[in-house]
Amino acid sequence: MQTTSPALRRSFSLLTLCSLALSGQARADATPTLPEVTVTANKLAQPLESVPASVSVLDGETLEASGVYDLASLANRVPGFTFQAFGQSGIQPPVMRGMTANFVSFSSSTLLLVDGVPTLMAQGFENNLQAVDRVEVLRGPQSTLYGRNAEAGVVSIHTLAPGKEPRTQVSLEAGTSNRSRLRVDLSRPLVEDTLYIGLSGEFAQQDGFIDNLASGQRADDREQHNGRLALRWTPSADTQATLRYSQQEYQDGASQWGAVNAPRATVRSGTPSWNRSTGNTLSVDVEHSLTPDLRLRSITARNEFLDRVQQDTDFAPADTLHIGRDYRLTTVSQELRLEGKAGDNRWLAGLYLDRDDNDLRYEQKLPLVLNRTAATLRGDSSALFTHWTMPLAQQWTVEAGARVEHKRVGLTPVTGSERQAEWSRFTPKLSLQYQWAPQAQVYASATQGYRAGGFNAFTAGANYPSYQPESVIALEFGVKGKLDDQRLRYSASVYSMEVRDMQVQQMGLPGVVYITNAATARSTGAEFELEYLLGSGWQLQAALGLNRTRFGEFRDGANVYDGKSNPFAPDANAHLALRYNAPAGWYAQGAITAVDQVYLDAANLYSRPGYALLDLAAGYTKGAYEMNFYVRNVANQRYDAVGYLNGQVTVYSPPREAGVRLTWRI
């Protein structure tokens, strides 16, 4: 059985001691109350405390104040949510409640939504969190409302809508390793009370930390460009339409990889390694109130990610082993939904359609041969869904939902015959909640989740074998509410998930990666969150996620993996943050993030150790100006993933960073 790392145990102890000590300092005098938080977790606006599910909500101001500019940093603050160690920009396989994403299957167990537009795979699972209103992280199966790739949860990002009030923000940042970042966010009315525009952009770059001894240069320099445009039209009080376009671009060096047996953060690579990936999204979001109690919403979108990478995998001067990808991954989606009321009941019903069109060109260099393969992977989905919130009595409420979905997948290799498969699924959800106090409730829910199957697109020797859909049955019990005159917000939940045909990513030699099914698996765990406004300007935030995900029956050829840990799924993660806002305008904050050990393969032979990171920041705000100083990973902790790709590669953890940020807001 996997043991908890010493670093994580120390962090848990510190979290507990600090929480107890600081809670004793709370004073009722002049301490503000926590603001009300409204979420759309069930696609209907509800107070956070009324949602019968595990939901974390982080508003844009809090994220900016904490220096959270990407999804990996955001995951540090959320229990039960991490990312796989991958070391490559633009690809972030998420891990939620022990359920992992498989980047070679072009699907994910956790869904990313940005203003309702889905990202259905690890490729493009990223956002620079600029001009964000809030981020909602829903844990547990959400397939009834969000579809086949929401079986473990949903990360839903809501950006700021341009409106009547002009908004301008410019931020400049400089840091170690020649780090520089420029962020601009503008919003203006173009036609009074009718048409508004929002523009935001980012340019960021940083030198790498891996020395290429063959070239005398850094191997892993980073450069990223992001841009976003929003046009919002409000022809009447009952109608609004928003056109959005966003683009992300990477101009990086090599992945943050090295040889297992080489000195840390050094390579002798003579093979050019680079990442020139781009992503773009175009969407139209229309809302119209048919009556005061009936609203229609339509979201039409096209989401594209171009995954263009070449990567050395033996890190030697000769070009002996490398991999290359040139993927064009496109999803066109359409969602229509009606939201209404029937007496005291609230309901919604909707139709969802999408089409995946993926052109895949893959290259694998071996000592004596260069293999190039190409294939087209297409898929179509259609679904009908509904969700109802129905009061049963004064303190009791039941929520029920269901989705019927059909998925068809087709693989057409350049050399070989076309293969097709299709599946249909019915996924229900039922929850019951009891409001036992004005600011507190308990709930229980039973949910099914679903992830579609597919084909291994680059295993021609085995005739592109298929893998089956993955399904989850989840039970969850939770409690949430407010205490201490609404200065303390808390939530706690326990869950158990039975997984059938779990899709597991297997890695052989570099470049040989495929998906197979474990017959059964189980994920059990608990999650806790706390937000507390202490007296005299102090604020405490804490989160703890505990999870145990193990295979039941799992045979892959002659290999037996019964009882092994699911790769990349930690048994625990924790976060503790303390902030002080002084009346004079200065502030200071510190945060501890801890993640337990994870295995890198189904046999549990290779692993990344558990770790705990300390981040510090301080700043001063005066009028429209703010100056912020930060140090991330103060102790310069190393937590390399040694043995990635079945023992061939080390994914290096980034070193300590320090910097200063200047911000101007009007």
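The values are calculated or read from the model by the stated rules, or taken from the named source; none is laboratory data. Here the structure is a predicted model, which is why all the values come from computation and not from measurement. Counting neighbours? That spans all protein chains shown, and the Cβs are built from the backbone with ideal geometry, glycine included. Just so you know, the surface numbers come from the protein's heavy atoms only, side chains and all, with ligands and any DNA or RNA stripped out. Shrake-Rupley method; radii C 1.70, N 1.55, O 1.52, S 1.80 Å.
A few notes on this one:
- Pairs where the first residue, in region 546-560, is of a type in the set (Ser, Thr, Tyr) and the second is open to solvent by 70 Å² or more (accessible area, probe 1.4 Å) and in a strand (DSSP E or B), C-beta under 8 Å, 6+ apart: Thr549/Arg522
- Filtered residues of region 133-181 (kept if outside any strand (DSSP E or B), touching a residue at least 60 places away in the same chain (Cβ under 8 Å) and charged (D, E, K, R)): Arg148, Glu151
- Residue satisfying all of: in region 607-648; among the charged types (D, E, K, R) and assigned to a loop (DSSP other than H, G, I, E, B); most open to solvent (accessible area, probe 1.4 Å) among these: Arg638
- Lone qualifier among Ser236, Ser246, Ser215, Ser283 - being surrounded by fewer than 19 Cβ atoms within 10 Å (Cβ to Cβ) and more than 22 Å from Pro654 (Cα to Cα): Ser236
- Candidate set: region 625-658, residues that are aromatic (Phe, Trp, Tyr) and under 23 Å from the mean Cα position of the chain (by Cα); chosen: the one modelled with the lowest pLDDT: Tyr644
- Wholly enclosed strands (runs of 3 or more DSSP E) of region 416-511 bearing at least 2 residues farther than 26 Å from Pro391 by Cα and among the basic types (Lys, Arg): 419-437
- Any hit, region 430-443, residues being open to solvent by 80 Å² or more (accessible area, probe 1.4 Å) and at pLDDT 95 or above: yes
- Scanning region 222-231 finds no residues that are under 30 Å from Ala318 (Cβ atoms) and touching a Pro at 6+ places or on another chain (Cβ under 8 Å).
- So Phe477, is it in contact with a strand residue (DSSP E or B) (Cβ under 7 Å, 6 or more places away or on another chain), hydrophobic (A, V, I, L, M, F, W, C) and crowded, with 18+ Cβ neighbours inside 10 Å: no
- Check on Leu353, part of a strand (DSSP E or B) and under 15 Å from Tyr146 (Cβ atoms): yes
- Any hit, region 575-597, residues being in a loop (DSSP other than H, G, I, E, B) and within 26 Å of Gln205 (Cβ to Cβ): no
- Only residues that are surrounded by fewer than 17 Cβ atoms within 10 Å (Cβ to Cβ) and closer than 15 Å to Thr549 by Cβ were counted across region 483-497, and they come to 2.
- Subset of region 586-600 that is of a type outside the set (Gly, Ala, Ser) and open to solvent by 20 Å² or more (accessible area, probe 1.4 Å) - its residue that is nearest to Asn633 (Cα to Cα): Ile592
- Residue selected from region 592-604 under the condition hydrophobic (A, V, I, L, M, F, W, C), modelled with pLDDT of 95 or more and touching a Gly at 6+ places or on another chain (Cβ under 9 Å), by the criterion farthest from Ala518 (Cα to Cα): Ala594
- Qualifying residue in region 404-417 (condition: out of contact with any helix residue (DSSP H, G or I) (no Cβ under 9 Å at 6 or more places or on another chain) and of a type in the set (Lys, Arg)): yes
- Failed condition for Val184, given (1) surrounded by fewer than 23 Cβ atoms within 10 Å (Cβ to Cβ); (2) not in a strand (DSSP E or B): (2)
- Scanning region 317-363 for residues that are polar (S, T, N, Q), touching a residue at least 40 places away in the same chain (Cβ under 8 Å) and open to solvent by 30 Å² or more (accessible area, probe 1.4 Å) gives Thr320, Asn345.
- Residues in region 122-131 that are of a type in the set (A, V, I, L, M) and open to solvent by less than 10 Å² (accessible area, probe 1.4 Å): 1 in all.
- Residues of region 546-570 satisfying the condition of being touching a Ser or Thr at 6+ places or on another chain (Cβ under 8 Å), open to solvent by 30 Å² or more (accessible area, probe 1.4 Å) and among the acidic types (Asp, Glu): Glu553
- Selection of region 136-158 for residues being among the β-branched types (Val, Ile, Thr) and surrounded by 24 or more Cβ atoms within 10 Å (Cβ to Cβ) yields Val137, Thr144, Val154, Val155.
- Checked against (1) within 23 Å of Ser255 (Cα to Cα); (2) more than 21 Å from the chain's Cα centre (by Cα), Leu172 passes all but a single condition, namely (1).
- Checking Val135 against (1) at pLDDT 95 or above; (2) among the hydrophobic types (A, V, I, L, M, F, W, C); (3) more than 14 Å from the chain's Cα centre (by Cα), the condition it does not meet: (3)
- Pairs, first touching a residue at least 40 places away in the same chain (Cβ under 8 Å) and within 13 Å of Val117 (Cβ to Cβ) in region 227-252, second open to solvent by less than 70 Å² (accessible area, probe 1.4 Å) and not in a strand (DSSP E or B), C-beta under 8 Å, six or more apart: Arg228/Gln130; Arg228/Ala131; Ala230/Ala161; Ala230/Pro162; Thr242/Asp115; Thr242/Ala161; Arg244/Asp115
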